[in-house]
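S.K.: Shown below is the structure under consideration.
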Amino acid sequence: MQKKKQQQTTVSHQYPSLLRRLGAWFYDTLIVTAILMVAGALAMAIVATLLAVGVLTLGDYQDASAYLMSNPTASMLYSAYLAIVIIGFYSYFWTQAGQTLGMRAWKLKLQNEDGSHIKITQAFIRIATSAFGLGNLLAFNNKRRSIQDIMAECEMIVTEKVH
């Protein structure tokens, strides 16, 4: 019984290379860019609707885009909205499946050391400490954990054995 228990707790994972991490990051960057385009179009449609019904006025701004980018309040709200979209994308996929679409393509999975999905607080910590993905460049320790993995107390593994 003791041997069986030891075998179950000893799990050997393959940890991703820098190239694999960067490949997934690049894929996700393309996906997030597309999502931000849709989110931006939605914001423009909302501003255009508010302008059409007279809730907003352009004032000295040329159009809805200039209003969103240059008006201090609108610009701050728009930036916060886009940040929430990005945070939402990563948080959702990391906590629900342990993988973003880019991670799935590169056969990577984010998990706790016991194999469970990370919690929302871990996702927020990971996002806050990732330096927009540059934390992956420092993944040179024995488990190839990036700064964001260490800070969020999780690990990234390869989901399929690579030959």
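S.K.: Give me the number: length gained by fully extending Ala34 to Tyr92, i.e. 0.36 nm times residue separation minus the C-alpha to C-alpha distance, one decimal in nm.
M.R.: 19.2 nm
S.K.: How large is the accessible surface per residue of the chain, computed with a 1.4 Å probe and reported in Å² as a whole number?
M.R.: 64
S.K.: How do 42-51, 69-78, 145-154 rank on mean C-beta neighbours within 10 Å, highest first?
M.R.: Answer by packing, highest mean first, reads 145-154, 42-51, 69-78.
S.K.: What distance in nm lies between label points placed 7 Å from Cα along the C-beta direction at Met76 and Leu137?
M.R.: 3.2
S.K.: Relative contact order of the chain: what whole-number percent is it, with Cα pairs under 8 angstrom and at least 6 residues apart?
M.R.: This gives 27 percent for the chain.
S.K.: Mind checking which of Val55, Phe132, Met44 is farthest towards the positive end of the chain's charge dipole, using Cβ charges of +1 (Lys, Arg) and -1 (Asp, Glu) about the Cα centre?
M.R.: Of the listed residues, the answer is Phe132.
S.K.: Note down, for the chain, the three equivalent ellipsoid semi-axes (square root of 5 times each alpha carbon gyration tensor eigenvalue), biggest first, whole angstrom.
M.R.: 42, 15, 13
S.K.: Compute, for the chain, the length of the dipole vector about the Cα centre, with Cβ point charges of +1 (Lys, Arg) and -1 (Asp, Glu) only. Units Debye, rounded to 20.
M.R.: Roughly 1060 debye, rounded to the nearest 20.
S.K.: So if each residue of separation counts as 0.36 nm, and I subtract the Cα-Cα distance between Phe26 and Ala83, what length gain in nm does that give?
M.R.: Extra length available between Phe26 and Ala83 comes to 18.7 nm.
The values are calculated or read from the model by the stated rules, or taken from the named source; none is laboratory data. Just so we're clear, the structure is a prediction, and the values are computed from it rather than from any experiment. In this analysis, Cβ positions are derived from the backbone assuming ideal geometry, glycine residues included, and neighbour counts consider all displayed protein chains. When the accessible area is computed, the model is the full protein with side chains, heavy atoms only, and any ligands, DNA or RNA have been set aside. Shrake-Rupley method; radii C 1.70, N 1.55, O 1.52, S 1.80 Å.
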